[in-house]
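Structure first, commentary second.
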Amino acid sequence: MGTGRRATALTLIGIVALWEIAGDLDLVASGALPSPSEILVAFWRDKADYWPHILATVRTAAIGFVIGNAVAILAAILFVRVPASERLARGINIAIFALPPIAIVPVLVIALPGEGARLALAALAVYFPTMTAMTVGLREIDPRVVDVVRAYGGGDGAVMRWVRLRSSLPALLGGLRVAAPNAVLGAILAEFGSGSRYGLGAYLLGSLGRADPARLWGIGLAATAIAGLGYALAALAAKRVTDASRAVTIASGAMPPAKGRGQQRIAIAVASFLLPFVVWWLLLWLGGLSPIIAKTPLGVFEYLFLPPTGASARERLLAALVETLPITVLGMAAGLAVAFLLAVLGAVRPGIVRALLPIALVTQTMPLVALTPLLVLIFGRGIAVTVAITVSVTFFPAYVTLAQGLAMVPRAAFDLVGAYGARGWTAMRLVALPASLPWLFAAARLAVPRALLGVMIAEWLATGRGLGNLLNQSRGYLDYGMIWSVALVSVLVSVALYQAAVMLERVATRR
Amino acid sequence: MGGGGRAVVIEDVVKTFLVRGSPLTVLDHVSLACPPGSFIALIGPSGCGKSTLLRIALGLEHVDAGRVLIGDEAPDAVRRRGEIGIAFQDPALLPWRSVTANIALPLDVLGRRGTARDRIPGLIRLVGLAGFEEALPGELSGGMRQRVAIARSLVTDPDILLMDEPFGALDLILRRQMNVELQRIWLERRPTTILVTHGIDEAVFLADRVVVLGGRPGRIVGIVDVPFPHPRPTTMFRDPAFHALTDTVSALLAGEE
Amino acid sequence: MKLSLSRRAFLGTAAAGLAAGAMPGYFRNALAATPFNFQASWINDAEFTGYFVAIDEGLYTAGGLDLNYMSGGPDVIPESTLISGTADLTLTTPDTTVKAIVDQGAPFKIIGTQYQKNPIGIVSLAKAPINSPADLVGKTLAVPPVNVISVEAMLKLNNIDKSAVNIVPYAYDPTPLIKGEIDASLDFTTNVPFTIEQAGEKATSFLLYDFGFTIYNDTVVVTEETLKSKRAELVAWLKASRKGWETNLADPAVWPPKFADTWFKGTGRTIENEVFFNTAQKPLIESPNGIFSMDEEGIAKNIEALDQIGIKATREMFDTTLLEEI
């Protein structure tokens, strides 16, 4: 343990020292990478500017966090009380998880002017992790205690009230730990685009044109600090509550086995697919927006399949999709590979990986637009930069899932091969890798929507191709039909890839 | 109520489960009559359906044929009034509730407020947990947790007490102690009691009547009445008459094997 | 459409009823000054100094307007805020507005223009200068995706094959230009040269306008409905805004420092930058006929330039009558 901690400290110090040297001597990307000391100096110089922005971001994130979690908790309770409702809401849940923020922010800004769009994005960002964790927590309870409650005439309501709610608390807090940084990121993303006067996102936007990388990194690190604080607060709360401590796996959003007859199941599946479209329609109707900007599902269909726009729109959309899809798969594979290597390295050399984790966390909370110049200077504007950006947005959740999977390989299995002299990498190859295979699919499931998001961001910021570019161009031309079409296609692609991963996961775990 | 429980009558019960798609009969025409205030022990090999029989008596499982009557009512109705006390093999305590609050769980579920809680301190003393009122289950030993579960089964002042191997996880010494305590509790309140157990000497020590179930499918292979008067001293474990009875039960169990 | 409009009208009535019930003072204020929502096209910078002057000097209030100024941003599509009813008036680029009128049937009218000459141009480093479209051949040019069509039109007008220029996306940050990863970028020539000079380089630039792509920018746009129902307010807005701009441009160095703790607070930009911007934009905004004016020649040039990129503008899309009423 002691040597592990020392390895962590040494690696961390080493990385920061290398960073400082590289930054001071302008070794990386002709000096576009600022050194830690430059970032600190810039932060000190700008400190008076930061406070209103930090306060605005914290406020937006906090309100969005409360709203999103309230909805997520109520939804989870409903899903557990009425299992059919979960299957029915499945399409909506996955769609919310898969929504690429860059596709929906312009739409949110139209539909919910002012603060609404920012709160909505922060709330949307927390819904899925909390809902998933809470559902698992409510569902995985001690069946013997349930018998006790039933023995005294308690029904489902009593089981919920006396057993499920409280026993879901550790899982809920685990979900909140993921949700807290998500809320911060959602808030910043919306601040960036929505014409907000204050907030780190707004500050970032104003600072982008200044060619001052130290400032941009300062803003990014401030965002990381807030997100990290959110994580730490949720973790602290979890520690206080979890006397009935139990490992929380966000990954296992597994569905209960579907009950009911074939026809009924098909009906629910169809309804679950249609429901997001109904909700989309309803929201537009309630919002009372002009059909020029707010396209209903029918509006999108008309745009894509009826003259005069249809043929050309389909052609452009298809061309963009053909550019985006293969690189999404490639980027996802690369992201999973990095996550897998990191997880394996973490199992063999935990000290080193613990030191890499803070840096990995920074890559998760650093707004990508702040890193674009650095990335294009290092990777150019071809496939490399797209893959790099995609890896950076996908590997972390995948790593967390895989590390969890590797940690669950029974000690005894390691001891067994250890007894025959297998150590380190050999033990890994013989035991850990086969055992963690199912987790790879769970990781893929989490990585899919993020991979598409990463590719679209790269296309928008660096390469100027594919769906990301089409989306941005369409915004410029007020081509609302195309904006909605790209948003729809990107969600559908995410959902399709997600479902593919779910199916592979089922096959893999069935063995 | 204090005068002791009501009769529990199990009539010709058949229960089948679906195992991998094919039906498996667990209880095959089982009948059992428990007079008011009696103490019945159910004993049998693993998988003979004795726990299932208990759950049926409790109304938690449906039957494929036959019926269960408590007094002249179906168990569901009796259960909903909180007149059945239940203790499972596992104490099944809520880890976030103190000893007192865990014992109060049935009252919470039944929505009983006020004076219903007044008997909890007495129950805690009865099971020998005085001083641990506010302890959490994680801070208790296995035996102490089990005693909490037993106190919980008595908190509604039940007419019927159903216990599914409540001492199964305890070591022999503790188990003996708990047997004595259970006898004392039963004598005090005289609920009609059905105890499912693996332990032959435990069954003979506590029960008026030992019902021996045979396995696969479960059916009654013998009934042994225990004539010793209550309260029974622990010295009885060394009594030859006691041993003769345990041998009879053993033979019934072995004959079926 | 009919359905949504009638429901919106209903909701509006309901809201007004609630407001009247809850806030008795509301209508008294409304009589004093009409609420008027103005959506700007970007975050607060020198591009909007004239409006800030007009607000702080009380020019809108004097004109009977209770002005609500809304900052813009990359995800705020100014025209959308008109359609959704969030704003009464906004600033746009004429190409997107005209395209929306033609393609979507959007009911917009252009009633004035802030910039007589679009400040967008090609910015490069003085040590590797790009002084005309011809210099772009074989070079890498970063262009915001929105403006690619404009650049392609400019290339075509100057007989340059667009495939001879490597066009990549521009993501707000001039660092790649300063570091030489790209050779030039499309940006506001009034703004980014300052940053480049701060970074120790010299910048050079030319306007697309000067090479044939003759469009306005920050055109003042309203819906036809607003034009009918709030004509007096629009004239008042143009009048107050013109006064604000005239006051501001009288000496471009005077006003930005006064906004350091208000309009420009915490934007991440410096006051020196805003002064540079404000000074550089002066010749692009001023017009002999008065700020915001659109003369026939200018409108014709816009129509001609837009025609080059396949956007069919017509004279009817420009309404110069309000300017005459100032």
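The values are calculated or read from the model by the stated rules, or taken from the named source; none is laboratory data. Note that the structure is predicted; figures quoted are calculated from it, not measured. In this analysis, Cβ positions are derived from the backbone assuming ideal geometry, glycine residues included, and neighbour counts consider all displayed protein chains. Protein only, heavy atoms only, side chains kept; ligands, DNA and RNA dropped before computing areas. Shrake-Rupley method; radii C 1.70, N 1.55, O 1.52, S 1.80 Å.
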**Asked** Name the pairs whose Cβ atoms lie under 6 Å apart, with the first residue in the range C:49-62 and assigned by TED's automatic domain parsing to the domain that holds residue C:254, the second open to solvent by 20 Å² or more (accessible area, probe 1.4 Å) and part of a helix (DSSP H, G or I), and 6 or more positions between them or separate chains?
**Response** C:49/C:255; C:53/C:247; C:53/C:255; C:59/C:243
**Request:** Please verify whether the range B:135-146 includes one or more residues that are away from chain A (no Cβ under 14 Å), surrounded by 17 or more Cβ atoms within 10 Å (Cβ to Cβ) and at positive phi.
**Result:** no
**Odd one out for residue C:54, checked against (1) assigned to a helix (DSSP H, G or I); (2) of a type outside the set (S, T, N, Q); (3) open to solvent by 10 Å² or more (accessible area, probe 1.4 Å)** = (3)
**Asked** Name the residues in the range B:238-257 that are surrounded by fewer than 16 Cβ atoms within 10 Å (Cβ to Cβ) and under 21 Å from the mean Cα position of the chain (by Cα), would you?
**Response** B:250
**Asked** In the range B:115-134, what count of residues is obtained for those that are surrounded by fewer than 13 Cβ atoms within 10 Å (Cβ to Cβ) and either of a type in the set (Ser, Thr, Tyr) or within 14 Å of chain A (Cβ to nearest Cβ) (or both)?
**Response** 2
**Request:** Those residues that are assigned to a helix (DSSP H, G or I) and over 26 Å from residue A:291 (Cα atoms), I need them from the range A:457-488; list them, please.
**Result:** A:457, A:458, A:459, A:460, A:461, A:462, A:463, A:466
**Asked** Does any residue of the range C:115-137 turn out to be among the aromatic types (Phe, Trp, Tyr), open to solvent by 10 Å² or more (accessible area, probe 1.4 Å) and touching a residue at least 12 places away in the same chain (Cβ under 8 Å)?
**Response** no
**Message:** Going residue by residue through the range B:217-236, is there one that turns out to be touching a Cys at 6+ places or on another chain (Cβ under 9 Å) and either part of a helix (DSSP H, G or I) or open to solvent by less than 20 Å² (accessible area, probe 1.4 Å) (or both)?
**Reply:** yes
**Prompt:** Taking residue A:108, is it closer than 19 Å to residue A:182 by Cβ, buried (at least 18 other Cβ atoms within 10 Å of the Cβ) and within 13 Å of chain C (Cβ to nearest Cβ)?
**Reply:** yes
**Asked** Consider residue C:212 against the criteria (1) away from chain A (no Cβ under 14 Å); (2) closer than 26 Å to residue A:375 by Cβ; (3) open to solvent by 20 Å² or more (accessible area, probe 1.4 Å): it satisfies all of them except one. Which criterion is unmet?
**Response** (2)
**Request:** Would you check if residue A:325 is buried (at least 20 other Cβ atoms within 10 Å of the Cβ), under 30 Å from residue A:437 (Cβ atoms) and under 25 Å from the mean Cα position of the chain (by Cα)?
**Result:** no
**Request:** Specify which of the listed residues (A:444, A:432, A:462) is over 21 Å from residue A:359 (Cβ atoms) and at pLDDT below 70.
**Result:** A:432
**Item:** Residue check for residue A:62: surrounded by fewer than 21 Cβ atoms within 10 Å (Cβ to Cβ), without any contact (Cβ under 8 Å) to a residue 12 or more places away in the chain, farther than 24 Å from residue A:163 by Cα and out of contact with any strand residue (DSSP E or B) (no Cβ under 7 Å at 6 or more places or on another chain)
**Value:** no
**Message:** List pairs: first residue in the range C:190-202 and under 24 Å from residue C:118 (Cα atoms), second residue open to solvent by 60 Å² or more (accessible area, probe 1.4 Å) anywhere in the structure, Cβ distance under 8 angstrom, at least six positions apart or on different chains.
**Reply:** C:190/C:276; C:191/C:276; C:193/C:276; C:194/C:272; C:194/C:276; C:196/C:202; C:202/C:127
**Request:** Please enumerate the residues belonging to the range C:86-107 that are facing chain A (nearest Cβ under 8 Å) and in a loop (DSSP other than H, G, I, E, B).
**Result:** C:86, C:105, C:106
**Asked** In this structure, is residue B:60 within 18 Å of the chain's Cα centre (by Cα), closer than 22 Å to residue B:154 by Cβ and open to solvent by 20 Å² or more (accessible area, probe 1.4 Å)?
**Response** yes
**Asked** For the range B:1-114, list the helices (runs of 4 or more DSSP H) that sit wholly inside it and hold at least 3 residues that are of a type in the set (A, V, I, L, M, F, W, C); which are they?
**Response** B:50-58, B:99-110
**Request:** Name the residue, out of C:179, C:239, that is without any contact (Cβ under 8 Å) to a residue 12 or more places away in the chain and at negative phi.
**Result:** C:179
**the range A:266-300, residues that are at the interface with chain C (Cβ under 8 Å from one of its Cβ atoms) and without any contact (Cβ under 8 Å) to a residue 24 or more places away in the chain** = A:285, A:288, A:290, A:291
**Message:** Going residue by residue through the range A:91-100, is there one that turns out to be surrounded by fewer than 20 Cβ atoms within 10 Å (Cβ to Cβ), aliphatic (A, V, I, L, M) and within 14 Å of chain B (Cβ to nearest Cβ)?
**Reply:** no
**Request:** Consider residue A:315 carefully, then state whether it is closer than 30 Å to residue A:393 by Cα, surrounded by fewer than 17 Cβ atoms within 10 Å (Cβ to Cβ) and not aromatic (Phe, Trp, Tyr).
**Result:** yes
**Prompt:** Looking at (1) within 14 Å of chain A (Cβ to nearest Cβ); (2) open to solvent by 10 Å² or more (accessible area, probe 1.4 Å); (3) not in a loop (DSSP other than H, G, I, E, B), can you tell me which one residue C:75 breaks?
**Reply:** (3)
**Asked** Is it true that residue A:209 is free of Cβ contacts under 8 Å to residues at least 12 places away in the same chain, open to solvent by 10 Å² or more (accessible area, probe 1.4 Å) and within 14 Å of chain C (Cβ to nearest Cβ)?
**Response** yes
**Message:** Of the residues B:109, B:8, B:19, B:78, only one is open to solvent by less than 50 Å² (accessible area, probe 1.4 Å) and more than 14 Å from chain A (Cβ to nearest Cβ); which?
**Reply:** B:8
**Asked** Do we find that residue A:172 is touching a residue at least 12 places away in the same chain (Cβ under 8 Å) and open to solvent by 10 Å² or more (accessible area, probe 1.4 Å) in this structure?
**Response** yes
**Request:** Scan (1) facing chain A (nearest Cβ under 9 Å); (2) at pLDDT below 90; (3) open to solvent by less than 10 Å² (accessible area, probe 1.4 Å) for the single condition residue B:96 breaks and write down its number.
**Result:** (3)
